[in-house]
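Engineer: This structure is in structure tokens; I'll ask about it shortly.
Read-outs: derived from the displayed coordinates by stated rules, not from any lab. Predicted model, so just to flag it, every value in this text is computed and none were measured. Don't worry about glycine lacking a Cβ; one is built from the backbone with ideal geometry, like all the others, and counts go over all protein chains shown.
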Amino acid sequence: MIFFEHVSKVFKNGWTALYDVNLRIKEGEFVFLVGPTGAGKTTLLKLIYRGEEVSAGKLNVLNYVLHNNLQDKSITELRRKIGIVFQDFKLLLDRTVYENIEFTLRVIGIRPNLIPEITIATLNKVGMANRKDFYPYQLSGGEQQKVSIARALAKGPQILLADEPTGNIDHKGSVDILNLLKEINYAGATVIMATHDKIIAESSNKRVIQVENGKILSDGN
Amino acid sequence: MAISYLFQESLKNILRNKSSFFLSAGVSAACLILLSIFLVLTLNISRVKNYIEDRVEIYAFLNDDANIDNLIEKIGQITGVKQIKYVSKDEAFRELRNDLEENSSLLDILERNPLPASLRIQLDASYKLATKLSDVESKVQLLKGIKETWSGKELLNKLQRYLKIITFFDIGILLITFLSVIFIVSRTVEAAIVAKAREIEIMRLVGASTAMVEFPFYVEGFLHGVFGSILSLIVSVIIFYFSSTEIPAFHLPFFTLLIFNIVFGGTLGLAGSYIALSRILQ
């Protein structure tokens, strides 16, 4: 499903964010990317959804060859198959919870008559249907992250990328988010979660890939 | 993707930035008003010039002893001459009487007909320019039996000169309008893009197509141009309405002006959006 083969990423200013990464992630896996801030976790996730381009090596995600020049249309298609969750939630503050989900579905071209049903069903999945008319600033950090997850889930992604999803949330909220991601994984989506919190990762009994200084230090359960 | 949703998004953008929208549309309108005034002026002068050109004739007044057949033959050989008509003294007097209409009784006090016989010389279309007209006229003047000639070339010359000057201004104003409207719209759309930076980021991350991201901004730019055009049209028509009472035979080509304003304004609006999107989103 995801193949990294000797992948490196060097930014224009000369900084090497990733160096000779070899990685294979199978369909339905739950993978933790663990490492300190600046280790290269976010860059690795960005390469997967083509937020950044590969500098060297080969990268294949969902059969999209990302180390070659990719047309806008292919990037769009790829991103529709990938859900992304961020540490800072990236919600639209002037729209309600419902409207945030509805917005995503509209802009990716879901038929308007299907949108209300999908939106409510997704909010039910993450336990936020009762907050559908709230604005993001009226919610706790954990709740905002659930809405962000709902937004990623609404389009039925094959891969869910979560970049420090518990970074801005208290312990209880973090546990809720982690459980939610596990449920999503159980339902069939491949989940890749980047975190600097080694304890969360190691206590989850899932595959943990340790990244440091742009290199993979270890990869195992 | 429902087009109606994209239009709704465009209108929301505009409503969110009402003041900048109206300000930029107002400035666009001011440029277009200036352009409309000059265009209508050009069209009117051009119409008068064409009207006069259509009726251009050389009047060659004859001496009493002139050999008419000989003159007609010689004038007919001059390049550019299309047709020659002889007008006798009596015919000329009758024409004058008709032209004077109710004042024609004034002619009754004359003891004799003072008007000379004449040849009215019509020219080919390509010879109706002031310079060519002058050439033919001077050749006619040299012929024996011709007392004097008249062609109205001075008036035609003046009109053609005015038309050249005003066309020069048209091009200048067209250029200024072109650059101003594009600049203003692109700046306004840029501000709208910056204001929606997070929304655009999310759209791109979830997999919205480029067209989906950019379409509302193109609509916004187009509406800027069209709104400015409509404003310009309203003001221009009011200006022309009041001017028309002062200028005889004034012609207002309303539909030409309407189509020109909307197409020109809309196109410039789209171009402004294109520049803004290229600068920021790329």
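Engineer: So, with +1 on the Cβ of K and R and -1 on the Cβ of D and E, and no other charges, what is the size of the charge dipole of the protein assembly as shown about its Cα centre, to the nearest 20 debye?
Structural biologist: 1500
Engineer: Please report, in cubic angstrom per residue, the volume enclosed by the convex hull of the alpha-carbon atoms of chain A.
Structural biologist: That works out to 121 Å³ per residue.
Engineer: Find which of A:213, A:187, A:169 sits farthest along the positive direction of the dipole of segment A:159-220, computed with +1 on the beta-carbon of Lys and Arg, -1 on that of Asp and Glu, about the Cα centre.
Structural biologist: After comparing all options, I get A:187.
Engineer: Something else now. Run the dipole for chain A about the Cα centre, Lys and Arg Cβ at +1, Asp and Glu Cβ at -1, nothing else charged, and hand back the magnitude in debye, nearest 20.
Structural biologist: The calculated dipole for chain A is roughly 420 debye.
Engineer: Considering all alpha-carbon pairs of segment B:61-130, what whole percent are spaced by more than 17 angstrom?
Structural biologist: The proportion of pairs with Cα distances above 17 Å equals 54 percent.
Engineer: Once the convex hull of the alpha carbons of segment B:153-197 is built, what does its volume come to per residue, in cubic angstrom?
Structural biologist: Dividing the Cα hull volume of segment B:153-197 by its residue count gives 34 Å³.
Engineer: Next up: Using the Karplus curve 6.51 cos²θ - 1.76 cosθ + 1.60 with θ = phi - 60°, work out ³J(HN,Hα) for each residue of segment B:29-34 in order, rounded to whole Hz, and write x for Gly and Pro.
Structural biologist: 4, 4, 5, 5, 4, 4
Engineer: If you don't mind, another one. Which FRET efficiency, nearest 0.05, do residue A:182 and residue B:23 yield, Cβ-Cβ r, R0 60 Å?
Structural biologist: Once rounded, the FRET efficiency stands at 0.65.
Engineer: If I stretch the segment between residue A:13 and residue A:74 completely, what's the gain in nm (0.36 nm per residue apart, minus their alpha carbon distance), one decimal?
Structural biologist: Stretched out fully, the residue A:13 to residue A:74 stretch lengthens by 19.2 nm.
Engineer: Still on this structure, I have one more. Please work out the ratio of the alpha-carbon Rg of segment A:1-96 to 2.2 N^0.38 Å and round it to two decimals.
Structural biologist: That works out to 1.14 for segment A:1-96.
Engineer: Evaluate the relative contact order of segment B:1-134 (contact order divided by residue number), counting alpha-carbon pairs under 8 angstrom at least 6 apart; express in whole percent.
Structural biologist: Relative contact order of segment B:1-134: 30 percent.
Engineer: Further question: Of B:236, B:223, B:210, which is farthest on the positive side of the dipole of segment B:140-251, counting Cα position, with +1 on Lys and Arg Cβ, -1 on Asp and Glu Cβ, and the Cα centre as origin?
Structural biologist: Most positive-ward Cα: B:236.
Engineer: Same structure again: Taking the Cα-to-Cβ direction at residue A:114 and at residue B:112 and moving 7 Å from each Cα, how far apart do the two end points lie in nm?
Structural biologist: Simple spin-label model gives 10.4 nm for this pair.
Engineer: I'd like the mean, over residues of B:189-195, of how many other protein chain beta carbons sit within 10 Å of each residue's own Cβ.
Structural biologist: Average per residue, whole number: 0.
Engineer: Right, something else. If you take each beta carbon of peptide A:148-157 and count the beta carbons of other chains within 10 angstrom, what is the mean?
Structural biologist: Average neighbour count from other chains, rounded to a whole number: 1.
Engineer: To the nearest 20 Debye, how big is the dipole of segment B:134-282 about its Cα centre, given +1 on the beta carbon of each Lys and Arg and -1 on that of each Asp and Glu?
Structural biologist: It works out to roughly 380 debye.
Engineer: Sorted from fewest to most neighbouring beta carbons within 10 Å, what does the list B:188, A:42 look like?
Structural biologist: In increasing order of surrounding Cβ atoms, one gets A:42, B:188.
Engineer: Could you tell me what a quarter of the Cα convex hull surface of the protein assembly as shown works out to, in nm² with one decimal place?
Structural biologist: For the protein assembly as shown, averaging the hull's shadow over all directions gives 36.2 nm².
Engineer: Any of A:46/B:18; A:73/A:132; A:125/B:18; B:89/B:153; B:49/B:144; A:90/A:182 with alpha carbons more than 29 Å apart? Name them for me.
Structural biologist: A:46/B:18; A:73/A:132; A:125/B:18; B:49/B:144
Engineer: In degrees between 0 and 90, to the nearest 10, how far off the longest principal axis of chain B does helix B:89-100 point, with axes built from Cα atoms?
Structural biologist: 40
Engineer: Okay, next question. Taking neighbour Cβ counts within 10 Å as the exposure measure, how do B:161, A:207 sort from fewest upward?
Structural biologist: B:161, A:207
Engineer: Using alpha-carbon pairs under 8 Å, 6+ residues apart, how would you state the relative contact order of segment B:59-145 in percent?
Structural biologist: It rounds to 49 percent for segment B:59-145.
Engineer: Starting with the highest mean, order A:89-97, B:233-241 by the number of other Cβ atoms within 10 Å, averaged over the residues of each peptide.
Structural biologist: Packing order, densest peptide first, comes out as A:89-97, B:233-241.
Engineer: Looking at B:157, B:194, B:177, which one has the Cα that reaches farthest to the positive end of the dipole of segment B:152-205 (charges on Cβ: Lys, Arg +1; Asp, Glu -1)?
Structural biologist: Value: B:157.
Engineer: If you line up the Cα atoms of chain B on their principal axes, what length do they span on each, largest first, in Å?
Structural biologist: That gives 98, 41, 29 Å along the principal axes, largest extent first.
Engineer: Compute the Kirkwood hydrodynamic radius of segment B:182-221, taking the inverse of the mean of 1/r over all pairs of distinct Cα atoms, and give it in Å to one decimal.
Structural biologist: After inverting the pairwise mean of 1/r, the radius is 10.5 Å.
Engineer: What list of ³J(HN,Hα) couplings, whole Hz, do you get for segment B:251-258 from phi and the Karplus terms 6.51, -1.76, 1.60, once you set θ to phi - 60° and write x for glycine and proline?
Structural biologist: Rounded to whole hertz, the list is 10, 10, x, 4, 5, 4, 5, 4.
Engineer: Let me ask another. Pairs of alpha-carbon atoms within less than 8 angstrom and 6+ residues apart define the contacts here; what relative contact order does chain A have, in percent?
Structural biologist: Reported relative contact order: 30 percent.
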